[in-house]
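Report on one structure; see the data block that follows.
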Amino acid sequence: MRADLGGVGLDLTALRGWLAAQRAAGAGRTTLARRAAAARTFTAWAHRRGHLAADPGLRLVAPKRHRTLPAVLRQDQAEGLMAASAAGARELDPVALRDHALVEVLYATGVRVSELCGLDVDDIDLGDRLARVLGKGSKERAVPFGAPAAAALEAWLRQGRPSLARADSPPALWLGARGGRLHSTAVRRIVHLAVGAVDGAPDMGPHGLRHSAATHLLEGGADLRSVQELLGHATLATTQLYTHVTVERLKAIHDRTHPRSG
């Protein structure tokens, strides 16, 4: 299968050689995948217009995009984060109460920052310790949380939120200093500052806490299907990414601690 387009031979071999040359020049996986997609779009167009007798792009496969997960907290670092946050909340300052409840809920549930900001007061069931979350594609799911998060939420709702609420405040669970719904940018800032107070912890935002929660669930023995449901992943393949993280962490621990690891 070989065709000629404007005097230039264009076939599958030529396309593969083109990608190989870019890879040799240092192009990354994401760049190669994007350029291969552009080439397939072009060859499909050229075939439809009659410039190519056949479409060589149909068989062009580029390296899959390398999906990397952000750094995660160790379990002791997560405990340190919650302890430091709780210490600030003991002063009963409304903002400190909110921030403590916020990081507790993020870590306890692993919800996305958009899901967290979208919560209303009525979405929280303190009795059953469940949060009703509206996820991607407007899919609703119930996410459980533990006693520490429930206690932090109760303190925020009883002693913190009323101090920030205004007559025109929305029914949002999280309120800003002016009484409006808390935005994701503010949540990212809160998490960055809170994690920054933990010695040795990697810099991260809400997404890092979500990944930390998933990793710690799997390390604790949770099955993939349950973690998929908790996180609201559409496919199990997304959740399976965390198994790589946990295996790598176990290998690192083994290399560091086992007397015959060398």
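Only the coordinates and a few stated rules stand behind these numbers; no lab work does. Keep in mind it's a predicted model, so treat the numbers as computed, not measured. Please note: Cβ atoms are built from the backbone with ideal geometry, for glycine as well, and neighbour counts cover all protein chains shown.
Assuming a ≥ b ≥ c are the square roots of the Cα gyration tensor eigenvalues, decide whether the chain counts as rounded (a/c under 1.5), prolate (otherwise, with a/b larger than b/c) or oblate. In terms of gyration-tensor shape, prolate.
Projected onto its three principal axes, the C-alpha set of segment 16-136 covers 73, 33, 23 Å, listed from the longest axis down. Taking a ≥ b ≥ c as the square roots of the Cα gyration tensor eigenvalues, with a/c under 1.5 meaning rounded and otherwise prolate when a/b beats b/c, else oblate, which class fits segment 123-189? Taking the square roots of the gyration eigenvalues as a ≥ b ≥ c, segment 123-189 is oblate. Judged by the gyration tensor of its Cα atoms, with axes a ≥ b ≥ c, segment 107-245 is prolate; a/c meets the 1.5 cut and a/b is the larger of a/b and b/c.
If one takes the longest principal axis of the Cα atoms in the chain, at what angle in degrees, from 0 to 90 and to the nearest 10, does the Cα axis of helix 29-48 lie? With both axes taken from Cα atoms, the answer is about 50 degrees.
Angle of helix 12-24 to the longest C-alpha principal axis of the chain, folded into 0 to 90 degrees and rounded to 10: 50°. The ALA197 and GLU229 beta-carbon pair, evaluated with R₀ = 30 Å, returns a calculated FRET efficiency of approximately 0.40. Packing, taken as the mean count of other beta carbons within 10 Å per residue, orders the peptides 138-146, 72-80 from highest to lowest as 72-80, 138-146. Subtracting the Cα-Cα distance of ALA237 and ALA14 from their residue separation scaled by 0.36 nm leaves 77.0 nm. Projected label points at ARG166 and ARG23, each 7 Å from Cα along the beta carbon direction, are separated by 5.7 nanometres. Once the Cα atoms are used to define both axes, helix 236-257 deviates from the longest principal axis of the chain by about 80 degrees.
What the Cβ-Cβ distance of VAL95 and ARG141 gives, at R0 = 25 Å and to the nearest 0.05, is a FRET efficiency of 0.30. Each helix, a run of at least 4 DSSP H residues, gives -39500 (n - 2.57); summed and divided by the residues of the chain, these come to -16500 deg cm²/dmol at 222 nm.
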